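Shown next, in structure tokens, is the structure this report addresses.
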Amino acid sequence: KYYKYMVNNYYAVIMAGGVGSRFWPVSTTEYPKQFHDMLGTGQTLLQRTYSRLQKFIPQENILILTNERYKEIVEEQIPNILPKNLVLEPCMRNTAPCILYAAMKVNKRNPNGVMIVAPSDAWIEDEKAFMHNVITCFNAAQKANNILTLGIVPTFPNTGYGYIQYDKDDNTNIKKVNQFREKPDYATAKEFLKQGNFLWNAGIFIWSTQTVLNAYKTYQPAMYELFEKGEDTYNTENEVDFIAKAYPEAENISVDYAILEPSTNIYVLPANFDWNDLGSWGSLHEKSPKDSAQNAVINARVLLKDAENNIIRTEGAKCVVIDGLKNYIVVDRDDVLLIYPKAKEQNIKEIVNEVKSKWDLH
């Protein structure tokens, strides 16, 4: 009975509203990466995330947070999603407003709730270790009014992730966070690893609804008051009208800046699972099966000669012949073909804007 009581207090909020422009041309504003089978596994990233959380969180307690333009896509990919668990943003407003909105909905349903906020597009292989880490944090969140996060033990000086610095002298399992650090340059990242008390920030947060609402009340009072006005409407038919009017008034700010940076009660659990944020073609290449020349091939038939360290992805198992190409991204989708150096993948966002302005492509 006690275990069932505990599990009934577990909630998940899956963040599925991003555009993922670094995965263009597969990921577009109309159909972002979380709704694609990026790894060629037979499941989209959203479906994998939902399935991972459903193993230890009741289905009726899993909410999906996304933009209202993606409502039909989510319903098609997660057909058993309850209407009350589809949290729709009427406009883009970064992560702070949508997390507050979801927390208020969960709190109204269950004031004893503890929730994980997780991105929909992360790659996690050891799902059992993930489950144990999250439950450890759930238990800690129920005992103390702390904000918890999962940090990933770094394997190399990655400059594409933010870092979490924890107290070096903390010998407990869950460690006090000193500060969050922005994406570093290579020299700084090497220094972080040398110091030994830095973790990659996976953007996975766990807290009780009471704790996170108190944090908003303290550090974002205007935003808190804005959403508190709709408390009577949450989980009712009047909620949509309230959110349509209130949401555009919310500040466009990330949860990191809004409540994490000013908070002093943040703790991190170094995770026991491998993780990749699948934020770019390079990160997808890293996690995909590769041939002896380190070429990763997804949804394609290939004939490769003198080709090394490329990622090749097509629609409909297209036949691709490549000779003399090394360290490139080759992606074919509908009316777009991208052939781009892996070393410059961070520039793909800018290229998308150029392409849109020149040819009106999506």
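Is the stretch 94-153 best put as rounded, prolate or oblate by its Cα gyration tensor, with a ≥ b ≥ c the root eigenvalues, rounded for a/c under 1.5, and otherwise prolate when a/b is larger than b/c, oblate when not?
Working: a/c = 2.03, a/b = 1.31, b/c = 1.55.
The shape class here is oblate.
Would you mind working out the accessible area per residue for the stretch 13-92, using a 1.4 Å probe, and quoting it in Å²? Walk me through the numbers on the way to the answer.
Details: 2880 Å² over 80 residues.
For the stretch 13-92, the solvent-accessible area averages 36 Å² per residue.
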Quick one: of LYS183/LYS356; LYS318/LYS356; LYS33/LYS342; LYS194/LYS344, which pairs are farther than 20 Å apart, Cα to Cα?
LYS183/LYS356; LYS318/LYS356; LYS194/LYS344
Please give the solvent-accessible surface of VAL297 in Å², to the nearest 10, using a probe radius of 1.4 Å with every protein chain present.
50
Can you spot the aspartates and glutamates whose alpha carbon is less than 18 Å from LYS105's alpha carbon? Ignore those fewer than 8 places along the same chain.
GLU60, GLU68, GLU89, GLU225, GLU228, GLU231, ASP232, GLU237, GLU239, ASP241
Most positive-pole-ward Cα, SER263, ASN299, ALA246, against dipole of the stretch 215-315 from beta carbon charges:
ASN299
Tell me, what is the 1.4 Å probe accessible area of MET15, in Å² to the nearest 10?
40
Estimated vicinal HN-Hα couplings, Hz - the stretch 201-210 in sequence order (Karplus 6.51, -1.76, 1.60; Gly, Pro = x):
8, 8, x, 10, 10, 10, 6, 7, 4, 4
Going out from 0 in 5 Å bins, what whole percent of all Cα-Cα distances in the stretch 136-175 drops into each bin?
5, 17, 26, 22, 18, 8, 4, 0
In the stretch 47-155, the trypsin sites (Lys or Arg not before Pro) that fall in loop regions by DSSP, at most 15 other Cβ within 10 Å
LYS55
I want the local charge near SER120. Using Cβ-Cβ distances under 12 Å, sum +1 for each Lys or Arg and -1 for each Asp or Glu among the other residues.
+1
If exposed means no more than 10 neighbouring beta carbons inside 10 Å and the site is in a DSSP loop, what's the longest run of the chain without any exposed GluC sites (Glu not before Pro)?
1-181
Rounded, prolate or oblate: pick one for the stretch 262-362, where a ≥ b ≥ c are the square roots of the eigenvalues of its C-alpha gyration tensor, a/c under 1.5 means rounded, and failing that, prolate if a/b is larger than b/c, else oblate.
oblate
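Which order do you get for HIS285, HIS36, HIS132 if you rank them by accessible area with a 1.4 Å probe, largest at the top?
HIS132, HIS36, HIS285
Express the Stokes-Einstein translational diffusion coefficient of the stretch 156-292 in µm² s⁻¹, to the nearest whole number, given a Kirkwood radius over alpha-carbon pairs, 10 °C and a viscosity of 1.306 mPa s.
Details: Rh = 17.9 Å.
Rounded to a whole number, D works out at 89 µm²/s.
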Whole-Å distance, taken between Cα centres, linking the stretch 1-80 and the stretch 305-346:
28
So what's the back-of-envelope 222 nm ellipticity for the chain, counting only DSSP H runs of four-plus at -39500 (n - 2.57) apiece and dividing by all residues, rounded to 500?
-9000 deg cm²/dmol
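For PHE180, PHE227, give the ranking by accessible area with the largest first, probe 1.4 Å.
On the way: PHE180 40, PHE227 0 Å².
These residues rank, largest area first, as PHE180, PHE227.
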Computed over the stretch 112-265, protein heavy atoms only, probe 1.4 angstrom, the accessible area per residue in square angstrom equals 48
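Quick one: order THR211, THR41 from most to least accessible surface, probe 1.4 Å. Walk me through the intermediate numbers first.
Numbers: THR211 10, THR41 70 Å².
Result, largest first: THR41, THR211.
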With the dipole of the stretch 164-254 worked out from charges on the C-beta (+1 for Lys and Arg, -1 for Asp and Glu) around the Cα centre, which of TYR234, TYR219, THR188 lies farthest toward the positive end?
THR188
Choice from GLY113, GLY42, GLY203 with maximal GNM fluctuation in the chain (Cα, 10 Å cutoff):
GLY42
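Which value, in nm² and rounded to one decimal, describes the direction-averaged projected area of the C-alpha convex hull of the chain? Provide the component values of the computation, followed by the final result.
Working: hull surface 77.4 nm².
About 19.3 nm², averaged over all directions.
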How large is the accessible surface of SER292 in square angstrom, using a 1.4 angstrom probe and rounding to the nearest 10?
120
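Quick one: net charge around MET131, please, counting Lys, Arg +1 and Asp, Glu -1 for every other residue with C-beta under 15 Å from its C-beta.
On the way: positive: ARG48, ARG52, LYS55, LYS128; negative: GLU125, ASP126, GLU127, ASP274.
Overall, the nearby charge balance is 0.
Charges only on Cβ, +1 for Lys and Arg, -1 for Asp and Glu: so what's the dipole of the chain about the Cα centre, in debye to the nearest 20? Let's see the in-between values first.
Values: 39 positive and 44 negative charges, 168 e Å.
I would put it at about 800 debye.
Counting only protein heavy atoms, what percent of the accessible surface of the stretch 180-221 is carbon or sulfur at a 1.4 Å probe? Write down the numbers at each step before the final one.
Working: 930 of 1940 Å².
The value for the stretch 180-221 is 48 percent carbon and sulfur by accessible area.
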Rg in Å to one decimal, and Dmax rounded to a whole Å, for the stretch 180-236 via C-alpha atoms
18.0, 52
Of the listed pairs LYS55/LYS175; LYS229/LYS349; LYS168/LYS290, those with alpha carbons more than 31 Å apart are LYS229/LYS349; LYS168/LYS290
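Determine the share of the stretch 271-362's accessible area contributed by carbon and sulfur atoms, expressed in whole percent, with a 1.4 angstrom probe.
On the way: 2370 of 5060 Å².
Carbon and sulfur: 47 percent of the exposed surface of the stretch 271-362.
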Of GLY279, GLY196, GLY17, the most mobile residue in a GNM of the chain (C-alpha springs, cutoff 10 Å) is GLY196
Quick check: from the Cα gyration tensor, does the stretch 116-212 come out rounded (a/c under 1.5), prolate or oblate?
prolate
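The values are calculated or read from the model by the stated rules, or taken from the named source; none is laboratory data. This structure is a prediction, so every number in the text was calculated from the model and none was measured. Heads up, the Cβs are rebuilt from the backbone with ideal geometry, glycines too, and the neighbour counts pull from every protein chain shown. Accessible surface areas use protein heavy atoms only, side chains included; no ligands, DNA or RNA. Shrake-Rupley method; radii C 1.70, N 1.55, O 1.52, S 1.80 Å.
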